[in-house]
1. Please go through (1) assigned to a loop (DSSP other than H, G, I, E, B); (2) out of contact with any strand residue (DSSP E or B) (no Cβ under 9 Å at 6 or more places or on another chain) for LEU81 and return the number of the only condition it doesn't satisfy.
2. Of the residues ILE56, ILE34, only one is of a type in the set (Val, Ile, Thr), farther than 21 Å from TYR77 by Cα and buried (at least 20 other Cβ atoms within 10 Å of the Cβ); which?
3. Out of (1) in contact with a His (Cβ under 7 Å, 6 or more places away or on another chain); (2) away from the ligand (no atom under 11 Å from the Cβ), the odd one out for ASP67 is which?
4. Looking at (1) surrounded by fewer than 16 Cβ atoms within 10 Å (Cβ to Cβ); (2) within 10 Å of the ligand (Cβ to nearest atom); (3) in a helix (DSSP H, G or I), which one does ASP75 not meet, given that it meets all the others?
5. ARG52 passes all but one of (1) farther than 25 Å from PRO92 by Cβ; (2) within 11 Å of the ligand (Cβ to nearest atom); (3) in a helix (DSSP H, G or I); (4) touching a Pro at 6+ places or on another chain (Cβ under 8 Å); which number fails?
6. I'm told SER98 meets every condition in (1) in contact (Cβ under 8 Å) with a residue 60 or more places away in the chain; (2) under 19 Å from LEU143 (Cα atoms); (3) under 14 Å from the mean Cα position of the chain (by Cα) except one. Can you identify the failing condition by its number?
7. From the set of residues in segment 78-95 that are small (Gly, Ala, Ser) and farther than 28 Å from SER151 by Cα, which is surrounded by the most Cβ atoms within 10 Å (Cβ to Cβ)?
8. Of the residues GLU138, GLU154, GLU158, GLU74, which single one is more than 20 Å from GLU26 (Cβ to Cβ), charged (D, E, K, R) and touching a Ser or Thr at 6+ places or on another chain (Cβ under 8 Å)?
Amino acid sequence: MRPLLVGRFQPFHNGHLWLVSRIVREYGSIIIGIGSAQESHTLVNPFTAGERQYMIQRTLESNGIHDFYLVPIEDIYRNSLWVSHIVALAPPFDVAISGNPLVKRLFQEAGKKVIEPEMHGRETYSGQEIRRRIAEKENWKDLVPPEVYRSIQEIDGENRILDLAKTDEVNK
Ligand code: NAD
């Protein structure tokens, strides 16, 4: 069985790595859909699809995971067609793995097998928490694999998020 994991990975963190490692141990390979691929340079989606692809690829290779396929997937404004959109873009898959309620529902309604994964340190291993810590200049290094930390440094990602959090309005 070939599994598909779709996520925004803004950014890819230790919880994602833990999940991908478990999936690859169980199924031997994984397809990773990089969702909201059209998004970047916002506080919710600071990194481009290419930057996220780079972070994930470097991390998985450093962790000895080589049997993976990365597929950027843009959002579409019709949830009922989203799974067909993925099927048209991704290599064939038999099971979708997701803890996201909307994602699970859309795959189930499209007749796909869905597995809900266990969570690993969800309170801190969370994209939202990492982006918050970066914006508030708190320590976030320990929440991501070293390759992701280095990639974000390389693209000046911390300053990007700090700039995105600013405004030029006088009365905030
Ligand atoms: P995410 O990066 O938050 O999570 C990716 C996966 O990792 C999820 O299954 C999540 O449950 C799991 N995960 C997160 N933290 C974890 C942890 N600590 N331990 C273990 N597992 C953990 O991404 P997401 O929000 O689920 O991404 C869904 C994507 O699908 C988005 O890009 C969204 O826009 C897209 N989408 C698009 C449409 C559309 O275009 N119509 C519809 C539905 C979803």
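Here, each number is a calculation from the coordinates, and none is a lab measurement. These numbers come from a predicted model, not from an experiment. Every residue, glycine among them, receives a Cβ derived from its backbone with ideal geometry; neighbour counts consider all protein chains shown.
1. Tallying (1) assigned to a loop (DSSP other than H, G, I, E, B); (2) out of contact with any strand residue (DSSP E or B) (no Cβ under 9 Å at 6 or more places or on another chain), LEU81 fails exactly one: (1).
2. Sole residue among the options that is of a type in the set (Val, Ile, Thr), farther than 21 Å from TYR77 by Cα and buried (at least 20 other Cβ atoms within 10 Å of the Cβ): ILE56.
3. Checking ASP67 against (1) in contact with a His (Cβ under 7 Å, 6 or more places away or on another chain); (2) away from the ligand (no atom under 11 Å from the Cβ), the one that fails is (1).
4. Here ASP75 meets the rest and fails (3).
5. Only one criterion in (1) farther than 25 Å from PRO92 by Cβ; (2) within 11 Å of the ligand (Cβ to nearest atom); (3) in a helix (DSSP H, G or I); (4) touching a Pro at 6+ places or on another chain (Cβ under 8 Å) is unmet by ARG52, namely (1).
6. Single failed check for SER98: (2).
7. Applying the first criterion (small (Gly, Ala, Ser)) to segment 78-95 yields 80, 84, 88, 90.
Adding the requirement that they be farther than 28 Å from SER151 by Cα leaves 80, 84, 88.
On the way: SER80: 10, SER84: 12, ALA88: 9.
Looking at the filtered set, the residue picked out is SER84.
8. Numbers: GLU138 fails: touching a Ser or Thr at 6+ places or on another chain (Cβ under 8 Å); GLU154 fails: touching a Ser or Thr at 6+ places or on another chain (Cβ under 8 Å); GLU158 fails: touching a Ser or Thr at 6+ places or on another chain (Cβ under 8 Å).
Only one candidate passes the filter, namely GLU74.
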